[in-house]
Amino acid sequence: MTSSADTGAPRRRLRGPAPRTASLVLGLALALAAGLLAAAGSPGAAASSSSSSGSVSASTASRTLTPSWEVWQRAEKPYPQNPSNPLANRLWGVYSGPQDQVSKPHQASRGTRRRLLDKIALRPRTKWYGSFVPDSRIRSTVQSYIAASQAGDPTKLVQLAVFRMEPWEHAACKRRSSAREKRSYRRWVNQLAAGIGSTPTLVVMQPDGPFLWCAPDRAAKSRLLTFATKRLSSLPATSVYIDAGAADWCENDRGNDPERCAGILKLAGIEHARGFALDSTHYTGPSENIRHGAEIVSILQRDGYGTKRFIIDTAKSGRPTRWNDMVPSKRGGLRDDARVCRTATQKRCVTLGIPPTVRVADARWGLSAGDRALAQRYVDGFVWFGRPWLYNQADPFVMRRAVTMARSTPWPGPRYPVSRR
């Protein structure tokens, strides 16, 4: 387990399987999907009418795309269907410094390796914070991170994940949070809020949200998560997205029923949040998550929570793969430590996905017409809050993983010369 603010979250866990349920109606034409959305404006109806493929089109993945200006280089406009998108119309800050595991090896690299690592290090990534940063240090630690990420421009977006619940993941299924841990959690969140202040901030709330279902003290943990969601959402420029699992995971061993994913959000204070986050630690593709997320939006609308938006991690979905199909890097190993794609055609492996962006429906991503229509309306951004270049998605940085993913990704690197204007 790591214990320094300069590293990532604690060592990751073995998660139970999550077989997918048949939640989408297959075989309808893409034109019909887009037409249904335009006519009815119903996320659930459009989601169930879309194509079932979880990957980008074969033609997009196989052709060579040219680099373009990215959201950390030039601000991107929102879609008319989602004009209040808080991630749009601003540059996204990129952190480089001792709190990030990628920065030091990137700065020390030269030549081809440097260009490959540019695909990770130059792009906006979400920093995870948890109990490994003490209550007394979280405020100053976050302030330092913000200053470096914004580099003198206070309008830049900063990204962080709150991974603070103790215990969490499989440990949460076996032990209740102590009174001391609950008090510490509230102190820590209040100090985090003080550190963020008026900074434009994207917050992913408690990655691996489905573990809430197994907690014997679910009600107590729900109150803490709701407190954190409400506290951070009350900040003037912070947008909170509560983790709701992935397109193939809403509850351990019980599949991906979107009703259960929506249930996590209701327990964690979705009424206070901008929306929710999908695929923080799984490997499903943007198409699957767009449709799954639209179903969750529809459920929340039905139950009186209004229209919520969501973000999707694309850091590790360059070769979309469901959890049960993923091959670990070592025989008998964990799927969190998935094998890395070594070629452009290898399957059941992980590689870098679509770069961070607000323009989630851009034709270059190869999404279907139905998925693009849903994305324009409900997806605030493709965001890199996953960390496949780290061992077990946690720590430490593994050079071989990073370089191999940078070689095998179907998406181009950043446009040169690097410009942040």
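Within segment 211-234, the only residue that satisfies the criterion of being without any contact (Cβ under 8 Å) to a residue 60 or more places away in the chain, touching a Gly at 6+ places or on another chain (Cβ under 7 Å) and surrounded by 21 or more Cβ atoms within 10 Å (Cβ to Cβ) is THR229.
If you go through segment 77-88 one residue at a time, do you hit one that is over 22 Å from ALA237 (Cβ atoms), crowded, with 20+ Cβ neighbours inside 10 Å, modelled with pLDDT of 95 or more and in contact with a Leu (Cβ under 9 Å, 6 or more places away or on another chain)?
First, the residues of segment 77-88 that are over 22 Å from ALA237 (Cβ atoms): 80-81.
If we keep only those that are crowded, with 20+ Cβ neighbours inside 10 Å too, we end up with none.
No, that holds for no residue.
For segment 312-332, name all the residues that are in a helix (DSSP H, G or I) and charged (D, E, K, R). Scanning segment 312-332 gives a single hit, ASP325. A residue that is surrounded by 21 or more Cβ atoms within 10 Å (Cβ to Cβ), more than 21 Å from ILE312 (Cα to Cα), in contact with a Gly (Cβ under 6 Å, 6 or more places away or on another chain) and in contact (Cβ under 8 Å) with a residue 60 or more places away in the chain occurs nowhere in segment 404-419. Tell me, yes or no, whether segment 145-158 has at least one residue that is under 30 Å from ASN252 (Cα atoms) and either over 23 Å from the mean Cα position of the chain (by Cα) or surrounded by fewer than 18 Cβ atoms within 10 Å (Cβ to Cβ) (or both). Looking through segment 145-158, none of the residues is under 30 Å from ASN252 (Cα atoms) and either over 23 Å from the mean Cα position of the chain (by Cα) or surrounded by fewer than 18 Cβ atoms within 10 Å (Cβ to Cβ) (or both). Checked against (1) more than 19 Å from ILE120 (Cα to Cα); (2) out of contact with any helix residue (DSSP H, G or I) (no Cβ under 6 Å at 6 or more places or on another chain); (3) not small (Gly, Ala, Ser), PRO320 meets all criteria but (1). Being assigned to a loop (DSSP other than H, G, I, E, B), closer than 30 Å to PHE397 by Cβ and modelled with pLDDT under 95 is a property that ALA344 has.
The number of residues in segment 323-334 that are in contact (Cβ under 8 Å) with a residue 24 or more places away in the chain, closer than 22 Å to ARG291 by Cα and over 16 Å from the mean Cα position of the chain (by Cα) comes to 2. Cβ separations smaller than 7 Å between residues 6+ apart or across chains give the following pairs from segment 335-358 residues that are over 16 Å from GLY285 (Cβ atoms) to residues that are among the β-branched types (Val, Ile, Thr) and part of a helix (DSSP H, G or I): VAL340/THR404; ARG342/THR404. Within segment 250-260, work out how many residues are modelled with pLDDT of 95 or more and over 14 Å from GLN301 (Cα atoms). Counting residues in segment 250-260 that are modelled with pLDDT of 95 or more and over 14 Å from GLN301 (Cα atoms) gives 5.
A residue that is of a type in the set (Ser, Thr, Tyr), part of a loop (DSSP other than H, G, I, E, B) and surrounded by fewer than 24 Cβ atoms within 10 Å (Cβ to Cβ) cannot be found anywhere in segment 379-399.
When segment 375-401 is limited to residues that are more than 18 Å from the chain's Cα centre (by Cα) and not basic (Lys, Arg), the one that is farthest from ASP362 (Cα to Cα) turns out to be PRO396. Tallying residues that are of a type in the set (D, E, K, R), over 15 Å from GLY245 (Cβ atoms) and touching a Pro at 6+ places or on another chain (Cβ under 7 Å) within segment 274-315 yields 1. The residue that is surrounded by the most Cβ atoms within 10 Å (Cβ to Cβ), counting only those in segment 271-311 that are of a type in the set (Asp, Glu) and in a helix (DSSP H, G or I), is GLU288. Would you confirm, using the coordinates I've provided, whether THR199 is among the β-branched types (Val, Ile, Thr), part of a helix (DSSP H, G or I) and under 20 Å from LEU157 (Cβ atoms)? Judged against the criteria, THR199 is not a match.
Name the residues in segment 235-265 that are in contact with a helix residue (DSSP H, G or I) (Cβ under 8 Å, 6 or more places away or on another chain), surrounded by fewer than 20 Cβ atoms within 10 Å (Cβ to Cβ) and closer than 22 Å to SER84 by Cβ, would you? The one that is in contact with a helix residue (DSSP H, G or I) (Cβ under 8 Å, 6 or more places away or on another chain), surrounded by fewer than 20 Cβ atoms within 10 Å (Cβ to Cβ) and closer than 22 Å to SER84 by Cβ: LEU235.
A count restricted to segment 359-378 and to residues that are within 25 Å of ALA121 (Cβ to Cβ) and buried (at least 24 other Cβ atoms within 10 Å of the Cβ) stands at 2.
Of SER239, SER233, which residue is among the hydroxyl-bearing types (Ser, Thr, Tyr) and in contact with a His (Cβ under 6 Å, 6 or more places away or on another chain)?
Only one candidate passes the filter, namely SER233.
The listed residues are PHE211, PHE227, and the only one of them that is aromatic (Phe, Trp, Tyr), over 23 Å from PRO388 (Cα atoms) and in contact with a helix residue (DSSP H, G or I) (Cβ under 8 Å, 6 or more places away or on another chain) turns out to be PHE227.
The values are calculated or read from the model by the stated rules, or taken from the named source; none is laboratory data. Bear in mind that the values here come from a model prediction, so they are computed numbers and not experimental data. In this analysis, Cβ positions are derived from the backbone assuming ideal geometry, glycine residues included, and neighbour counts consider all displayed protein chains.
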